[in-house]
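Data first, discussion second: the structure below is written as structure tokens.
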Amino acid sequence: MKIIALIVSGGEGKRFDKNLPKQFFSINGKSILEISVRNFFNSNLFDKIIVVSNKKFLKITKDILNNYDTDIVVGGTTRQNSVLKGLEKANKYKPKKIIIHDAVRPFFSNKTLNKIVTQLDNFDCVVPYLKIFDSVRHYENKIYRNLDRDKLKLIQTPQGFKFNTIFNAHQKFKGEQFTDDSMLAYRNACRIKFIDGEILNFKVTKKKDYEIIKKMMESKPNNSVLKVGNGFDVHKLINGKFIKLLGIKIPFNKKLEGHSDADVGIHAIVDSILGALSKGDIGDYFPPSEEKWKNKDSKYFLKYSKKVLDDEKYIINNIDITLICEKPKISSYKKKMKKVIASILDIKENIINIKATTTEKLGFLGREEGIACQVLTTISKI
């Protein structure tokens, strides 16, 4: 492996909230921790992502990151101890570079990550910082004196390191305490490159910081391009004992005929997502001519469409589903259907709409010979 991301999420944050650490508070439905992890995943720069968790909050960390391919390790009693445990885990992968980041700085950009990774070709350590423009004073024992702000830097994460260099530094200074990893690198005579940081990449330390971020995100205009995808599918009804619709089994005297499990609803959703992305249709990826897809659970296809969506860096805004059939009646199953779809696509249930209609006994659908489904999905760039 070449590059690893190490995200430190081991703090208890008692200054923030006595019951729940700040990294688990939500912004627009996502925890601060997940936003940080997702940003690393979406960068496509890293071969592995390691998250260091406080032992007390290991379960909630695992639950939040259930849909992300991460290694989660238990941290130590201090930030420095936690980073070392993460580095020990990373060492098993023998990486060349590692990026260390505090989970409670969720709004770093891909631009910063790319700069750090690129500069590590020439330096042992790359550190983003902010310049200070306000006047700075030192006050102690009634002595009030000026400090030269041009010589001061506000240090941020993520910070990048040649792996062996920072791993050796942490082992060498194990008994000492440092507030960030770049200081260990400095003590270990590393070549440090400072790059411009980002003013929005501030650390959530107090409740006031959290409120600022929430307001900032809620008021942020959505300038991304909206895309719309249409999906349609139909399957024949034959004798059976149950029917698969939108991921759940419904007792019925017929079933849908198809190469896979013939879940007409999920097939239409997949086609609508692929259509919005201009990525073809379900048959391009899972052709009925291939035996390996015979009787396959259609939830697998939906999970794949989610991966394509993530790879293209889009999120779902809304899914509108229309089932067209005389029977079975689905009103009592809508809640379960929404839950299944939302879980697979990692979206909120309230952006999924399910409705059903009939053709007033007209045509093959009216004669109960089949079931059709039409889906409209809107997506936007992350």
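Bear in mind these aren't lab numbers, they're just calculated from the coordinates by the rules spelled out. For clarity, every value in this text was computed on a predicted model and none was experimentally measured. All Cβ positions, even for glycine, are placed from backbone atoms using ideal geometry, and neighbour counts span all protein chains on display.
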Report task. Over the alpha-carbon set of the chain, divide Rg by the Kirkwood Rh and report the Rg/Rh ratio to two decimals. Result -> 1.09
Report summary line: Residue separation between residue 381 and residue 350 times 0.36 nm, minus their alpha-carbon distance, gives in nm 9.2 nm
Query - Calculated [θ] (222 nm, deg cm²/dmol) that DSSP helices of n ≥ 4 give over the chain, each run adding -39,500 (n - 2.57) - result: -9000 deg cm²/dmol
**Report entry** Extreme residue, positive dipole direction of the stretch 226-381, given options 264, 343, 295 (C-beta unit charges)
**Finding:** 343
Report task. Please give, to one decimal in nm, the separation of the simple spin-label points placed at residue 198 and residue 252, each 7 Å out from Cα toward the Cβ. Result -> 4.7
Query raised in the report: What residue among 8, 163, 54 has its Cα farthest toward the positive end of the dipole of the stretch 3-219, where the charges are +1 on Lys, Arg and -1 on Asp, Glu, each on the Cβ?
Result: 54
Query raised in the report: Which values of log₁₀ I(q)/I(0), to two decimal places, follow from the Debye formula for the stretch 125-173 at q = 0.30 Å⁻¹ with a uniform point scatterer at every Cα?
Result: -1.08
Requested in this report: Express in nm, to one decimal, how much length is gained between residue 121 and residue 320 on full extension, taking 0.36 nm for each residue of separation and deducting their alpha carbon distance.
Outcome: 66.8 nm
Query raised in the report: Relative to the longest principal Cα axis of the chain, at what angle does helix 163-172 sit, 0 to 90 degrees, rounded to 10?
Result: 50
Report task. Obtain the nm distance between the two label points defined at residue 92 and residue 42 by a simple spin-label model: each point lies 7 Å from its Cα along the Cα-to-C-beta direction. Result -> 3.0
Report task. Beta carbons within 10 angstrom, averaged per residue: use that to sort the peptides 20-26, 30-36, highest first. Result -> 30-36, 20-26
**Report entry** Backbone HN-Hα couplings from phi across the stretch 62-71 [Karplus 6.51/-1.76/1.60, Hz, Gly and Pro as x]
**Finding:** 5, 5, 5, 9, 4, 8, 10, 7, 10, 9
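Which of the peptides 333-339, 97-103 is most tightly packed, and how do the rest follow, going by the mean number of other Cβ atoms within 10 Å of each residue?
Ranked by mean Cβ neighbours within 10 Å, highest first: 97-103, 333-339.
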Query - Charged-residue dipole, Cβ positions (Lys, Arg, Asp, Glu), the chain about Cα centre, Debye nearest 20 - result: 1280
Query raised in the report: If r is the Cβ-Cβ distance from residue 111 to residue 360 and R0 is 56 Å, what FRET efficiency results, to the nearest 0.05?
Result: 0.50
Requested in this report: Only bridges with both residues in the chain count here: give the DSSP antiparallel percent, nearest 5.
Outcome: 60
Report task. Mind computing the radius of gyration and Dmax over the alpha-carbon atoms of the stretch 3-219? Å is fine for both. Result -> 17.3, 55
Requested in this report: Note down the relative contact order for the chain as a percent, whole number, built from C-alpha pairs under 8 angstrom at least six residues apart.
Outcome: 14
**Report entry** Relative packing of 146-157, 255-266, which averages over residues the other C-beta atoms within 10 Å, highest first
**Finding:** 255-266, 146-157
Query raised in the report: Sequence-distant or interchain residues sharing an amide H contact under 5 Å with residue 30, placed H: which?
Result: none
Query raised in the report: Taking every pair of alpha-carbon atoms in the stretch 226-381, what share in percent sits in each 5 Å bin, from 0 to the bin with the longest distance?
Result: 2, 10, 20, 24, 20, 14, 8, 2, 0
Query - Electrostatic dipole magnitude of the stretch 3-219 [Cβ: Lys, Arg +1; Asp, Glu -1; Cα centre; debye, to 20] - result: 420
**Report entry** Cα-based reach from residue 203 at 17 Å (exclusive), listing aspartates and glutamates while leaving out same-chain residues under 8 positions away
**Finding:** 12, 17, 34, 102, 180, 181, 211
